[in-house]
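Asks: Here it is: the structure, laid out below.
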Amino acid sequence: MTLTENPKAIIVAGGGAFAGNDLWNATQASVNFAYHALTYQGFTKDSIYYISSDTDLDLDGNGLPDDADGTNAGLQYALETWATDQLNGLPTGDVVLYLCDHGGG
């Protein structure tokens with residue numbers, strides 16, 4: 001797949017760490033893998049909006065828990081506002097959306 005200039009990505013770890021969600025660790029591992037896969041493809045921390053109930057993540061190894069941009073309540077903001085905002089003075093190109101959850105109710 002070839003992306004346009006200035007792509008962005010939104011990654012969502014759905015569900016959360018609540019009693020009975022036995023798949024949270026797998027969900028978190030999947031979205032963390034997606035984050036790293038996107039950075040290897042040229043995406044940056046600024047071009048990835050990472051949504052998780054675990055907001056104390058250090059995915060880029062800088063020693064700071066500053067990589068989660070918000071919780072699931074922020075998905076509407078990410079889609080309607082963040083994804084359309086310019087980044088480094090350039091309009092947004094493609095937007096990759098990666099959703100992961102256990103799929104049950």
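The values are calculated or read from the model by the stated rules, or taken from the named source; none is laboratory data. Quantities reported herein were computed from a predicted structural model and do not represent experimental measurements. Backbone-built Cβ (ideal geometry, glycine too); neighbour counts: all protein chains shown. Areas reflect the complete protein model, heavy atoms only, side chains present, ligands, DNA and RNA absent. Shrake-Rupley method; radii C 1.70, N 1.55, O 1.52, S 1.80 Å.
Asks: Computed from the coordinates I sent, Kirkwood radius over Cα pairs in Å equals one of (1) 14.2; (2) 14.8; (3) 15.5. Tell me the label.
Replies: Here Kirkwood radius over Cα pairs in Å agrees with entry (1).
Asks: Working from Cα positions, state the angle (0 to 90°, nearest 10) between the long axis of helix 24-40 and the longest principal axis of the chain.
Replies: The two axes meet at around 20 degrees.
Asks: Accessible area per residue for the chain in Å², computed with a 1.4 Å probe and the full protein assembly in place, what is it?
Replies: Counting only protein heavy atoms, the per-residue value for the chain is 59 Å².
Asks: Now for a separate question. With contacts defined as alpha carbon pairs under 8 Å and 6 or more residues apart, what's the relative contact order of region 6-98 in percent?
Replies: Relative contact order for region 6-98 comes out at 40 percent.
Asks: For every other residue with a beta carbon closer than 14 angstrom to the beta carbon of Asp85, add +1 if it is Lys or Arg and -1 if Asp or Glu, then tell me the sum.
Replies: Details: positive: Lys8; negative: Asp46, Asp69, Glu80.
It works out to a net charge of -2.
Asks: At what distance in nm do the modelled label points of Thr81 and Asp94 sit from each other, each positioned 7 Å from its Cα along Cα→Cβ?
Replies: 2.7 nm
Asks: With a 1.4 Å probe and every protein chain kept in, tell me what percent of the accessible surface of the chain is carbon plus sulfur.
Replies: Of all accessible area on the chain, carbon and sulfur atoms account for 53 percent.
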